[in-house]
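Below is one structure, written out as structure tokens; the observations come after it.
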Amino acid sequence: MKHFFFATTAKGVEEALGGELVRLGLPDVRVESGGVSFGGGIEGAYRANLWLRTASRVLMTLAEFPCQTPDELYSGVRSLPWERFLTPAQTLAVDCNLRDSAMTHSGFVALKTKDAIVDAQRESFGSRPSVDTKDPDLRVNVRLFKDRCTVSLDLSGEPLDRRGYRLDRHEAPLKENLAAALVELSGWDGSTPFVDPMCGTGTIAIEAVMKALRIPPGLNRRFGFERWQGFDRAAWRAMVAEAKNGILDRPPAPIQASDLSHSAVNMAIQNARRAGVLEHLTLGQLPMAELSPPPGPGVLIMNPPYGKRLGEQEALRPLYREIGDTLKKRCQGYTAYLFTGNLDLAKGVGLKASRRMVLYNGPIECRLLKYEMYEGSAPLSLK
């Protein structure tokens, strides 16, 4: 049976996510604002959850209808065949996103949706499911946009960025799927060296190793669809076994990460160990100025601090100058990427970016800046 799905992601990552879905061989891939739609059978959605590195959630669309009033919402939701997806013995939660619509209170929309579902269940079974907002058997997503309501089921359960390896968190950590998006957007395919000279707790480098080794990001976690009625456990087990058989013994090229902070490097070591990739990653405590990357060509990605207050920003200016100096002196032959939420500080790098990609780290508008460090010639400087 063919269904329609929508994989959500951070703003600016949609094209990278679309590329992932195409490479998975899923049909009807279409890049949209905030995510990518695709079609196919339920097993395709299982595969998407297992393999997508840049997505936040995978949703299965049940219905879409015009909706301006609470009554239209209630009747539209209640008319859906909830007995196919939910029993009174199971638990339920409703998430709501709304924008540019007559109804403006997400809590009210979620409550009205829940009422419609449990009333339909009571009519079908004589009893109703309980609500569990933290760990439900079925998570329903309601999206109201310009007075059109889309009702979906969340196949993922916990957000897909929660791979399970990152327990140690430092200041301002990148989510795993955003770190993976930086790797995807760089075009790195694992065949050349990869370097992160400001690795923090190691998320970008760990995501790079997992990509190089062909480890599915969803390999060691549970998904919402595993608790659905009709879950095909045999098909899922076969899919996971096939994925495990495809994991490489070692990365094709070296992957190196370092940081000035001793505590951050220790956290990175623990995270890499939990991810099962520590032996494939060279990790060390090192100042940026002493960086010694493997011979290029290669890819370098860094996410330096960008400071929230003016005093912090001023203190970071020497660091950004040091980044530019080190790239020029020590990283010839590399394509370098700098991810920052502070364009003023980024000017201090003193290099001309060949590309600027707009991404969001939570609510913060950021740039992924690309620098071509040509072998044997100095890159252009900004005067």
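The values are calculated or read from the model by the stated rules, or taken from the named source; none is laboratory data. Worth saying up front: this structure is predicted, and the values here are computed from it rather than measured. Backbone-built Cβ (ideal geometry, glycine too); neighbour counts: all protein chains shown.
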>> Yes or no: region 329-337 includes at least one residue that is assigned by TED's automatic domain parsing to the domain that holds Gln256, hydroxyl-bearing (Ser, Thr, Tyr) and either within 23 Å of Ser56 (Cβ to Cβ) or under 22 Å from the mean Cα position of the chain (by Cα) (or both).
In response: yes
> Taking Tyr320, is it within 29 Å of Ser56 (Cα to Cα) and either touching a residue at least 24 places away in the same chain (Cβ under 8 Å) or in a helix (DSSP H, G or I) (or both)?
Replying inline: no
> Taking region 325-350, which residues are under 20 Å from Thr192 (Cβ atoms) and of a type in the set (Ser, Thr, Tyr)?
Replying inline: Thr326, Tyr334, Thr335, Tyr337
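How about region 277-309: which of its residues are of a type in the set (Ser, Thr, Tyr) and under 18 Å from Ala336 (Cα atoms)? Before you say what the answer is, go through the steps one by one.
Our first condition is that a residue be of a type in the set (Ser, Thr, Tyr); within region 277-309, this holds for 282, 292, 306.
If the condition is that a residue be of a type in the set (Ser, Thr, Tyr) and under 18 Å from Ala336 (Cα atoms), then Ser292, Tyr306 are the ones that fit.
Condition check ((1) surrounded by fewer than 17 Cβ atoms within 10 Å (Cβ to Cβ); (2) aliphatic (A, V, I, L, M); (3) in contact with a Lys or Arg (Cβ under 9 Å, 6 or more places away or on another chain)) across all residues:
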{"site": "Ala234", "(1), (2), (3)": "yes, yes, no"}
{"site": "Glu242", "(1), (2), (3)": "yes, no, no"}
{"site": "Gly246", "(1), (2), (3)": "yes, no, yes"}
{"site": "Pro252", "(1), (2), (3)": "yes, no, no"}
{"site": "Ala257", "(1), (2), (3)": "no, yes, no"}
{"site": "Ser263", "(1), (2), (3)": "yes, no, no"}
{"site": "Asn266", "(1), (2), (3)": "yes, no, no"}
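Just one of Met198, Met210 is within 15 Å of Val265 (Cβ to Cβ) and in contact (Cβ under 8 Å) with a residue 60 or more places away in the chain; which is it?
Values: Met210 fails: within 15 Å of Val265 (Cβ to Cβ).
Only one candidate qualifies: Met198.
For (1) assigned to a helix (DSSP H, G or I); (2) surrounded by fewer than 21 Cβ atoms within 10 Å (Cβ to Cβ); (3) among the β-branched types (Val, Ile, Thr); (4) at pLDDT below 95, each residue gets a yes or a no:
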{"residue": "Tyr306", "(1), (2), (3), (4)": "no, no, no, yes"}
{"residue": "Glu312", "(1), (2), (3), (4)": "yes, yes, no, yes"}
{"residue": "Ala315", "(1), (2), (3), (4)": "yes, yes, no, yes"}
{"residue": "Leu338", "(1), (2), (3), (4)": "no, no, no, no"}
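Residue-by-condition table, conditions (1) modelled with pLDDT under 95; (2) in contact with a helix residue (DSSP H, G or I) (Cβ under 9 Å, 6 or more places away or on another chain); (3) closer than 17 Å to Gln68 by Cβ; (4) surrounded by 15 or more Cβ atoms within 10 Å (Cβ to Cβ):
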position	(1), (2), (3), (4)
Thr104	yes, no, yes, no
Thr113	no, yes, yes, yes
Asp119	no, yes, no, yes
Asp135	yes, no, no, no
Val142	no, yes, yes, yes
Thr150	no, no, yes, yes
Arg166	yes, yes, no, yes
Arg169	yes, yes, no, no
Pro173	yes, yes, no, yes
> Given the conditions (1) out of contact with any strand residue (DSSP E or B) (no Cβ under 7 Å at 6 or more places or on another chain); (2) modelled with pLDDT under 95, and given that Gly200 satisfies all but one, which numbered condition is not satisfied?
Replying inline: (1)
> What pairs can you find where one residue is in region 271-297 and within 21 Å of Gly164 (Cα to Cα), the other is surrounded by 13 or more Cβ atoms within 10 Å (Cβ to Cβ) and among the basic types (Lys, Arg), and their Cβ atoms are less than 6 Å apart, with a gap of 6+ or different chains?
Replying inline: Asn271/Arg166
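State all residues of region 271-284 that are outside any loop (DSSP other than H, G, I, E, B) and more than 19 Å from Cys331 (Cβ to Cβ); if no residue qualifies, say none. Steps first, please.
Here is the first cut: in region 271-284, the ones outside any loop (DSSP other than H, G, I, E, B) are 271-275, 278-280, 282-284.
Passing the criteria: Asn271, Ala272, Arg273, Arg274, Ala275, Leu278, Glu279, His280.
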>> Pairs please, first residue from region 178-192 and in a loop (DSSP other than H, G, I, E, B), second anywhere and at pLDDT 95 or above and β-branched (Val, Ile, Thr), Cβ atoms under 7 Å, 6+ apart in sequence or on different chains.
In response: Trp188/Val299; Thr192/Val299
